[in-house]
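Engineer: Before I ask anything, let me first share the structure, which is written out below as structure tokens.
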Amino acid sequence: MIKINKKHQDILIIFLEKETSQSSDVHAELSKRGSRVALITIKRALSEMVDAGLLKPIGSGRSARYEINAIGRIFAEVDAKAYSAVDPDKRYGFDKYNFDLLPSFPSDIFTNGELEILNDATAEYERRTRGLSPTIQKKELERLVIELSWKSAKMEGNTYTLLDTEKLILENKLAPGKTQKETRMILNHKDAFNFVHEHAGQFKTLTQKNLEELHAILVKNLSVSFGLRKKPAGVVGSKYRPLDNLYQIAEAVGVLSKAVSRISTPYAKALTALLGISYIQPFEDGNKRTGRLMANAILLAGGKSPLSYRSVDENEYREALMAFYELNSLMPFKKIFIGQYNFAAKNYAVK
């Protein structure tokens, strides 16, 4: 992963807001924000950022300007909570699909320190899952399925409680006062996870075929069309509008598939798939659910722990997605992913 220091990060934030700037503009803006850095230091930093692929120069000489690249956006440390608190129409981020984003995803998106955390969690997961009896394996699988189905559905507005979800999945008892749609959504999560658990070998990478298969299970009997979306879609609370052309949507899924294929670790593959599916919004409905389950499928295929998202803060999750939609920064969501993986590896034993 590219090494980015604090000075570079401060400059990236300016370019997210301004898009293009001259070195003197960056210097003036940093001074306004309380940073006392000499102009020559700023020029050196801008040159370093061009070399790292974070910025690209426009023009030359006294009129030279700089523009942020997709890589610069991906690794910009943004405050997702503060950004999302601004009314959508007053935000400075993108309102449309960035065609440069997914092709620019690097093969390494985690630092060495982050990979150490993830690998340590995996080592503990492997110790915990070694030599389990079939009875314990079955109970562990049921527990993860229940907690994943509950939390993932809850993030979509489902009002089933964790206890109600347990009774539905284990005893087939419908919770009183819940709609048929809510019940079906929970059961579809169960079926989807069981499918990827049993067919993990099919998910070493993302393809349009396995993506559509997984989506079809998640939206079964929910009055949602199967296959790629043929109509425009919006994102509640966001100025971002996904692609609305079927050909472009199919092309974007292909680009995402290539991006996931060239990435080096199951962790980064899973995170890229989750964010990419949420960003493209390839389906009429159920995109974020499909992203979460696809991430688990890829983790299982790579011998890693699946996630339940049980301990995730739902507002933080939505804000991190907003930062990715509009600013293309994966940094807020990467922190969530690392935290959820660490939690899952230490709390579940599903192989």
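The values are calculated or read from the model by the stated rules, or taken from the named source; none is laboratory data. For clarity, every value in this text was computed on a predicted model and none was experimentally measured. Positions of Cβ are backbone-derived with ideal geometry, glycine not excepted, and every protein chain shown enters the neighbour counts.
Engineer: Every residue in the range 204-222 that is part of a loop (DSSP other than H, G, I, E, B) and modelled with pLDDT of 95 or more, please.
Structural biologist: Once the filter is applied, which keeps residues that are part of a loop (DSSP other than H, G, I, E, B) and modelled with pLDDT of 95 or more, the range 204-222 yields LEU206, THR207, VAL219, LYS220, ASN221, LEU222.
Engineer: Looking at ARG62 and the list (1) of a type outside the set (A, V, I, L, M, F, W, C); (2) surrounded by 13 or more Cβ atoms within 10 Å (Cβ to Cβ); (3) not assigned by TED's automatic domain parsing to the domain that holds ASN315, which single condition is not satisfied?
Structural biologist: So the condition that ARG62 fails would be (2).
Engineer: Take the residues of the range 160-192 that are of a type outside the set (Gly, Ala, Ser) and part of a loop (DSSP other than H, G, I, E, B): which is surrounded by the most Cβ atoms within 10 Å (Cβ to Cβ)?
Structural biologist: The extreme case among them is TYR160.
Engineer: While we're on this one: Whether any residue in the range 8-21 is closer than 29 Å to ASP244 by Cα and out of contact with any Asp or Glu (no Cβ under 9 Å at 6 or more places or on another chain) is what I want to check.
Structural biologist: Checking the range 8-21: at least one residue is closer than 29 Å to ASP244 by Cα and out of contact with any Asp or Glu (no Cβ under 9 Å at 6 or more places or on another chain).
Engineer: Of all residues in the range 77-136 being in contact with a Pro (Cβ under 7 Å, 6 or more places away or on another chain) and part of a loop (DSSP other than H, G, I, E, B), which is farthest from ARG318 (Cα to Cα)?
Structural biologist: TYR97
Engineer: Between a first residue in the range 1-17 that is farther than 17 Å from PHE110 by Cα and free of Cβ contacts under 8 Å to residues at least 60 places away in the same chain and a second residue that is surrounded by 14 or more Cβ atoms within 10 Å (Cβ to Cβ) and of a type in the set (Asp, Glu), which pairs have beta carbons less than 6 Å apart while being 6 or more apart in sequence or on different chains?
Structural biologist: What qualifies is ILE14/GLU29.
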